[in-house]
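Notes to accompany the following structure.
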């Protein structure tokens with residue numbers, strides 16, 4: 001049931017992503033209108049699937065009230081939900097049409113990653129939480145961080161759009177795409193707005209991780225690979241913010257830093273699983289040595 | 001001293017990049033604190049690089065003097081930058097360009113994004129008229145949520161501002177981070193961490209405090225059919241041994257509590273700063289058994305610790321005292337354990353015929369067909385399958401307590417609260433300043449200038465504001 005609902009949601013994500021990409025080629029705004037509706041449906045299905053998973057997850061008494069994001073599948077699935085959700089809200093408010101082509105592919109990749117974990121690796125199995133994860137913090141710390149990750153994916157998409165637009169503007173024969181993309185200034189501002197809004201969220205998420213670690217592992221900060229990479233991500237966005245706010249830089253250079261920030265997010269989320277036994281989804285997470 | 005170097009953006013970006021790269025590097029090089037066995041393995045396979053890394057402190061990178069020095073330098077730079085600008089961004093009545101350009105203040109505003117000029121209501125007496133106009137402008141600004149006042153002087157004007165707290169944002173955010181770093185320094189200087197394995201029913205005195213920790217009961221439960229622990233807990237008592245004269249005297253009871261993972265017990269730290277906390281961190285087998293149960297046919301036989309139990313219907317007695325929690329046979333054919341977790345328990349049983357012990361047998365719970373006879377030299381030999389098997393083991397466990405004192409925690413939390421307050425003010429508040437003043441003439445003109453902490457986000461409001469001023473005063 002859970003998997004069936006999730007598969008349907010994934011179909012929806014795929015259709016929405018395809019429509020968003022088709023818009024780039026056709027400039028037909030009814031495509032993005034449908035994209036937004038289908039995406040809304042996919043989000044609803046995804047939420048329903050999450051609800052079903054929650055129900056079976058809570059059958060194990062120790063898991064009760066805790067969210068099922070301790071597995072890689074659960075985390076990827078939530079990440080896709082958050083990315084698509086943030087985009088859905090942004091698109092609903094600003095109706096940028098073109099943005100979907102730059103953002104939805106990332107949500108789709110996360111969603112497909114969850115499908116891969118579920119179908120190929122059999123990762124949907126429900127298991128009891130290890131004692132370190134039996135804490136209310138599991139409902140807060142990863143959620144807060146993944147929400148900021150989802151927002152940074154959106155910012156990355158915007159940065160990508162800016163780079164494309166800049167090429168268009170500078171080229172002698174700008175294609176139609178040029179007229180469909182928002183102006184460089186608008187994209188630059190949007191990228192900045194997203195990062196400014198979610199940088200505090202990232203900071204809080206990291207700090208909450210420290211508070212949890214202080215409760216569970218007996219130290220606030222331990223330079224574990226996940227912690228270190230979260231800090232690296234944080235630092236990159238700090239550099240971005242200073243470039244913009246202090247040096248008044250705009251455009252390409254700041255976009256590269258913002259994109260580097262998202263690359264670091266991706267590494268923190270996926271790559272670190274192979275570096276940290278303490279903090280990885282693949283080792284069950286939150287294990288005690 | 002202006003500390004120009006330490007305040008330069010280029011220098012600090014370089015410093016950031018260095019800290020960033022070093023932090024990232026540390027996640028790829030095995031670290032002594034986290035995985036000492038991996039460091040050994042690396043040293044064995046890459047002797048040259050291992051020596052180089054060792055010399056550079058890369059195996060304990062985050063505690064290497066040069067890394068700490070980089071962090072300290074960053075804290076110094078941040079503090080230097082912010083203190084240099086303290087109080088932050090002082091509120092001048094007029095923008096700097098206008099103060100400097102006394103000749104033509106209107107000209108000074110040209111090129112600024114927020115400015116407007118319009119003719120004011122005609123007035124015969126300029127001095128009283130100007131005052132009226134400024135009062136009126138201040139009233140209109142106040143009506144729109146601005147705090148506004150008429151500032152007299154060489155160029156009387158109205159200064160209105162909203163959400164002025166925003167200017168403290170960057171200041172608080174940065175100083176908060178320095179406070180946070182100072183908090184981590186407190187731990188490094190005055191804190192401690194120690195592991196205290198205590199056997200169930202036993203007690204131990206801590207290294208860093210004259211406190212004796214008793215573990216009255218240790219309990220571990222697994223999820224059915226798995227080796228995943230469901231919960232583990234210790235019932236502990238902590239006594240302060242200060243002033244006691246012998247080991248039997250208990251001293252003052254500081255705490256009596258069941259501790260679990262995520263639920264440590266907190267005791268007051270030095271000088272009321274922070275807490276000494278006792279955590280349930282791990283557990284392991286001591287190698288002793290409380291009891292072992294043999295299955296003989298369809299009957300079971302429990303052998304308690306230190307006892308000899310007669311096999312039913314025979315004159316043979318059996319005892320079981322030693323176990324291996326994660327049994328394996330070593331390369332030298334000796335009994336060995338791979339870990340301290342009771343995942344593959346084996347028990348050494350000794351049989352007594354007429355009170356004389358025979359060669360002991362190792363029975364493995366998970367592999368009833370495997371039996372090893374141990375000779376006098378401790379060498380194992382495969383034995384014939386006996387008519388009984390090891391049905392259950394109740395191992396004597398120790399509770400792994402981790403004790404940590406971090407006096408910096410309150411400072412750390414305070415610093416972060418300051419950081420977040422600053423960040424929210426900086427990013428989520430929108431500071432706006434508006435100046436209005438009167439230029440002589442007939443009729444006099446009103447000049448309005450504005451400034452926004454969000455560059456372009458003020459246009460709508462500013463236009464509306466000018467509209468309101470023009471409607472009433474123009």
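Residues to consider are A:201, A:266; find the one that is modelled with pLDDT of 90 or more, within 11 Å of another protein chain (Cβ to nearest Cβ), surrounded by fewer than 22 Cβ atoms within 10 Å (Cβ to Cβ) and assigned to a helix (DSSP H, G or I).
Being modelled with pLDDT of 90 or more, within 11 Å of another protein chain (Cβ to nearest Cβ), surrounded by fewer than 22 Cβ atoms within 10 Å (Cβ to Cβ) and assigned to a helix (DSSP H, G or I) holds for just one of A:201, A:266, which is A:201.
Within segment B:217-225, does at least one residue satisfy the condition of being within 14 Å of chain A (Cβ to nearest Cβ) and in contact with a helix residue (DSSP H, G or I) (Cβ under 9 Å, 6 or more places away or on another chain)?
Looking for residues that are within 14 Å of chain A (Cβ to nearest Cβ) and in contact with a helix residue (DSSP H, G or I) (Cβ under 9 Å, 6 or more places away or on another chain), one finds at least one in segment B:217-225, hence yes.
Which residue, of B:198, B:179, B:150, B:205, is away from chain A (no Cβ under 14 Å) and in contact with a helix residue (DSSP H, G or I) (Cβ under 6 Å, 6 or more places away or on another chain)?
Checking each option against the conditions leaves just B:150.
I'd like to verify a number: residues in segment B:364-400 that are touching a residue at least 60 places away in the same chain (Cβ under 8 Å) and within 16 Å of residue B:303 (Cα to Cα), how many?
9
Taking the condition in a strand (DSSP E or B), at negative phi and touching a strand residue (DSSP E or B) at 6+ places or on another chain (Cβ under 7 Å), does residue B:465 pass?
Spelling it out, it is not the case that residue B:465 is in a strand (DSSP E or B), at negative phi and touching a strand residue (DSSP E or B) at 6+ places or on another chain (Cβ under 7 Å).
Of everything in segment B:313-331 that's in a loop (DSSP other than H, G, I, E, B) and farther than 16 Å from residue B:390 by Cα, which residue is modelled with the lowest pLDDT?
B:313
Answer yes or no as to whether residue A:229 is within 11 Å of chain B (Cβ to nearest Cβ), buried (at least 17 other Cβ atoms within 10 Å of the Cβ) and outside any loop (DSSP other than H, G, I, E, B).
When the stated conditions are applied, residue A:229 passes them.
Please tell me if residue A:221 is assigned to a loop (DSSP other than H, G, I, E, B), in contact with a helix residue (DSSP H, G or I) (Cβ under 8 Å, 6 or more places away or on another chain) and modelled with pLDDT of 90 or more.
The answer is yes for residue A:221.
Looking only at segment A:124-148, count how many residues are surrounded by 19 or more Cβ atoms within 10 Å (Cβ to Cβ) and either within 10 Å of chain B (Cβ to nearest Cβ) or within 28 Å of residue A:1 (Cβ to Cβ) (or both).
Number satisfying all stated conditions: 14.
If only one of B:316, B:303 is over 29 Å from residue B:198 (Cβ atoms) and in contact with a strand residue (DSSP E or B) (Cβ under 6 Å, 6 or more places away or on another chain), which one is it?
So the residue among B:316, B:303 that is over 29 Å from residue B:198 (Cβ atoms) and in contact with a strand residue (DSSP E or B) (Cβ under 6 Å, 6 or more places away or on another chain) is B:316.
Looking at B:193, B:200, which is the one that is more than 30 Å from the chain's Cα centre (by Cα) and in contact (Cβ under 8 Å) with a residue 60 or more places away in the chain?
B:200
Residue A:3 is checked against (1) touching a residue at least 60 places away in the same chain (Cβ under 8 Å); (2) over 25 Å from residue A:155 (Cβ atoms); (3) surrounded by 23 or more Cβ atoms within 10 Å (Cβ to Cβ) and fails just one. What number does that condition carry?
(3)
Under the condition of being surrounded by fewer than 23 Cβ atoms within 10 Å (Cβ to Cβ) and within 30 Å of residue B:228 (Cβ to Cβ), which residue from segment A:81-117 is nearest to the chain's Cα centre (by Cα)?
Once the filter is applied, the top-ranked residue is A:82.
Which of the residues that make up segment B:403-419 are buried (at least 21 other Cβ atoms within 10 Å of the Cβ) and either assigned to a strand (DSSP E or B) or at the interface with chain A (Cβ under 9 Å from one of its Cβ atoms) (or both)?
Matches in segment B:403-419: B:403, B:404, B:405, B:406, B:408, B:409, B:412, B:416, B:419.
Which of the following residues is modelled with pLDDT under 75 and closer than 19 Å to residue B:452 by Cβ: B:126, B:92, B:141?
None of the other options fit; the residue is B:92.
Of all residues in segment A:165-200, which are under 22 Å from residue A:22 (Cβ atoms) and in contact (Cβ under 8 Å) with a residue 24 or more places away in the chain?
Listed by number, the residues that qualify are A:176, A:177, A:180, A:181, A:182, A:187.
Are there any pairs with C-beta distances below 7 angstrom linking a residue in segment B:19-41 that is outside the structural domain of residue B:56 (by TED's automatic domain parsing) and free of Cβ contacts under 8 Å to residues at least 12 places away in the same chain to a residue that is surrounded by 19 or more Cβ atoms within 10 Å (Cβ to Cβ) and not in a loop (DSSP other than H, G, I, E, B), with the two at least 6 apart or on different chains, and if so which?
none
Every residue, every condition in (1) in contact with a helix residue (DSSP H, G or I) (Cβ under 9 Å, 6 or more places away or on another chain); (2) more than 11 Å from chain A (Cβ to nearest Cβ); (3) at pLDDT below 90; (4) loosely packed, with under 15 Cβ neighbours inside 10 Å, yes or no:
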site: B:2; (1), (2), (3), (4): yes, yes, yes, yes
site: B:11; (1), (2), (3), (4): yes, yes, yes, yes
site: B:34; (1), (2), (3), (4): yes, no, yes, no
site: B:38; (1), (2), (3), (4): no, no, yes, yes
site: B:55; (1), (2), (3), (4): no, yes, no, yes
site: B:67; (1), (2), (3), (4): yes, no, no, no
site: B:99; (1), (2), (3), (4): yes, yes, yes, yes
site: B:103; (1), (2), (3), (4): no, yes, yes, yes
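Kindly check whether there is at least one residue in segment B:427-449 that is within 12 Å of chain A (Cβ to nearest Cβ), assigned to a helix (DSSP H, G or I) and surrounded by 16 or more Cβ atoms within 10 Å (Cβ to Cβ).
Scanning segment B:427-449 turns up at least one residue that is within 12 Å of chain A (Cβ to nearest Cβ), assigned to a helix (DSSP H, G or I) and surrounded by 16 or more Cβ atoms within 10 Å (Cβ to Cβ).
Mind checking whether some residue in segment A:235-249 is more than 7 Å from chain B (Cβ to nearest Cβ), free of Cβ contacts under 8 Å to residues at least 40 places away in the same chain and more than 22 Å from residue B:171 (Cα to Cα)?
Scanning segment A:235-249, I find no residue that is more than 7 Å from chain B (Cβ to nearest Cβ), free of Cβ contacts under 8 Å to residues at least 40 places away in the same chain and more than 22 Å from residue B:171 (Cα to Cα), so the answer is no.
For segment B:226-246, what are the residues that are surrounded by fewer than 15 Cβ atoms within 10 Å (Cβ to Cβ), touching a residue at least 24 places away in the same chain (Cβ under 8 Å) and within 14 Å of another protein chain (Cβ to nearest Cβ)?
Residue satisfying the conditions is B:227 alone.
The values are calculated or read from the model by the stated rules, or taken from the named source; none is laboratory data. Quantities reported herein were computed from a predicted structural model and do not represent experimental measurements. When we count neighbours, we look across all protein chains shown, and the Cβ atoms used for this are built from the backbone with ideal geometry, even at glycine.
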